Amino acid sequence: MSTSKSQREATSLPAPVIVGAGPAGIRAAQTLVAYGLRPVVLDEAPRAGGQIYRQPPPMPGFRRSKRALYGFEASRADALHKSFEAFEEYFDYRPQTLVWNAQPGLLDTLCYDTRRGGSLAWHDIIVATGATDRVLPFPGWTTPGVYTLGGAQVALKFQGCAIGKRVVLAGTGPLLYLVAYQYAKAGVDVAAVLDSSSLADQIAALPAMIRQPAMLARGLYYLGWLRLHGVRLHSHARLLRVEGKQQLQAVVWCRQRQDQPAAAGTEQCIDCDALGFGYTLRSETQLADLLGCEFSFQALQRAHLPTRDSAGRSSVKGVYLAGDGAGIMGADAAELAGERAALALLADRGVTIDEARVTLLEQQLQHISKFRLGLERAFPFPQHWAALAADDLVVCRCEQITAGQLRQAACELGACEMNRLKALTRVGMGRCQGRMCGMAAAEILSQASGAPLEQIGRLRGQAPIKPLPIDMQLAEDTEVDA
């Protein structure tokens, strides 16, 4: 590619920074490199790929093939990994680097290897921080042996082990069946899959989901394969509690229709030594919040998310958003969004970009967004979770705050907004900074106060985004990339 005057001017500016090396971050980096830039890529993981294409550690003895790790996504994962390796020498890749704070023009980082903190100046930044599990607590969820679905997947992909010998997987969303399939294929005894949604929900979603026939076929295959191999799949399932104090011994559940929350079925008990649970995913938005991005409520995802245009531009000049960290769209959309955000960054630097490619990317993203509407219909949020949560249920495990305490703050102290609730109860003040408990607390507050979830607001992002070691060494100088 010949170098134009605009490209030369663009490369004279400080290097763009990309936070995250999942599908969105990798495609963004490759796009910037193709136009002559050398971005800095900050990745919390030791190897690129993100959560969905997480790579095992480079250590002897880990022999599971990519086919075994990723199933139908093996070829796509392999292509993404190889393309990253092919381009790696053209950008500044920094694995095991946590961005724990952000402000205009400056990021605070921690290198896990050296436990050394540092500061990195930025001029343009693409935030591709991905997503994590949406946690809806239930009695006993802090018992040893209980994991999120994402945690169960990390154990299998990165550590080469299962969370238990006899496992129950519960919640809702496509990840539920993907993890069940991956565990069963790995030889784990999957005792049951407990889905809070129903077959009727999934049938009603088919008209929208047929827009992506390959994805739909994959999901149907997982369901068929699990049934064929004797894994029990239960719908309308509500987790009641787990049994066992020092270690999980059993999961107790019942059938409960969403349209009849008071009509709970007979309790059923499944012996097991591990449980993985999660109710779809939620975006990791803390970094966008600290960077000053505006947020708006997205009813489909029951969350306040950073606003962005079709190109990925946020409300803050120089800040671009891509992938599941800006709204759950899946890995395919994340790749497209990463490339689109990179092209927007280039255009804003005055570089002439391929407009035909821009049009195609936006059309593909719009197409996938309609499919995502179908997924949300197929795996709806359990609407009555908050009303059914007992007062003694621990919602915030860091501060041991119960649902009853949250309701008391709403009904007796007048809390009707999340940050007011935080001030009154300390919910979200622990190690996770509300990343795990924030959405569940918002559901409780909405139910107790009678205010719509949109009005409840969200916990404001606070640094550090994730816990820092006490012995972290602070750097004296700010690094400036040019």
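Stretching GLN363 away from LEU468 to a fully extended chain increases their span by 33.7 nm, per 0.36 nm per residue minus the current alpha-carbon distance. At q = 0.24, 0.25, 0.28, 0.32 Å⁻¹, what log₁₀ I(q)/I(0) does segment 324-365 have when each alpha carbon counts as one equal point scatterer in the Debye sum? For the requested q values the scattering log ratios are -0.80, -0.85, -0.97, -1.10. Can you give the accessible area of PHE84 in Å² (nearest 10), computed on protein heavy atoms with a 1.4 Å probe? Counting only protein heavy atoms, the figure is 10 Å².
Could you compute Rg(Cα) / (2.2 N^0.38 Å) for the chain, with N its residue count?
Against the compact-globule rule of thumb, the ratio is 0.97.
Summed over all non-identical Cα pairs, the Kirkwood treatment of segment 118-169 gives a radius of 14.2 Å. Along its first, second and third principal axes, ordered by size, segment 239-313 spans 49, 34, 17 Å in Cα coordinates.
Accessible surface for LEU248 stands near 0 Å², nearest 10, in the context of the full protein assembly shown (1.4 Å probe). Taking the alpha-carbon distance from LYS466 and a cut-off under 26 Å, which lysines remain once sequence neighbours fewer than 8 residues away in the same chain are dropped? Straight-line reach from LYS466, under 26 Å: LYS157, LYS317, LYS422.
Distances between placed amide hydrogens fall under 5 Å for LEU281 paired with ARG134, all partners being 5 or more residues away or on another chain.
By a 1.4 Å probe calculation restricted to protein chains, TRP385 has an accessible surface near 30 Å², given to the nearest 10. Straight-line reach from LYS245: taking Cα to Cα under 19 Å and skipping same-chain neighbours fewer than 8 places apart, the lysines in range are LYS165.
Kindly give Rg over Rh for segment 30-147, based on alpha-carbon atoms, with the Kirkwood expression for the hydrodynamic radius.
1.02
Relative to the current alpha-carbon distance between ASP348 and ALA387, full extension at 0.36 nm per residue lengthens the span by 9.3 nm. A 1.4 Å probe run over segment 210-341, with the rest of the protein chains in place, finds 45 Å² accessible per residue. Using the Cα coordinates of segment 352-466, the gyration tensor eigenvalues translate into equivalent-ellipsoid semi-axes of 35, 18, 13 Å, sorted from longest to shortest. Per-atom-type breakdown for the chain gives carbon and sulfur 51% of the accessible area (1.4 Å probe, protein chains only).
Isolated cysteines in the chain, defined as those with no second cysteine Cβ under 4.7 Å, comprise CYS111, CYS161, CYS254, CYS269, CYS272, CYS293, CYS398, CYS411, CYS416, CYS432. Please check which bits of segment 378-408 a label hung off ARG431 would reach, taking the label as a point 7 Å along Cα-to-C-beta and the cut-off as backbone N under 20 Å. Only 394-402 pass the distance filter. Across the alpha-carbon atoms of segment 193-350, the computed radius of gyration and Dmax are 20.5, 65 angstrom.
For segment 4-144, the solvent-accessible area works out to 40 Å² per residue, with a probe of 1.4 Å and every protein chain left in place. When you have a sec, figure out the Kirkwood radius of segment 118-251 from all distinct Cα pair distances and drop it here in Å to one decimal? By the Kirkwood definition, the hydrodynamic radius is 16.7 Å.
The values are calculated or read from the model by the stated rules, or taken from the named source; none is laboratory data. Note that this is a predicted model, so its numbers are computed, not measured. Note: ideal-geometry Cβ built from the backbone for every residue, glycine included; neighbour counts use all protein chains shown. Calculation scope for accessible area: heavy atoms of the full protein, side chains included, ligands and nucleic acids excluded. Shrake-Rupley method; radii C 1.70, N 1.55, O 1.52, S 1.80 Å.
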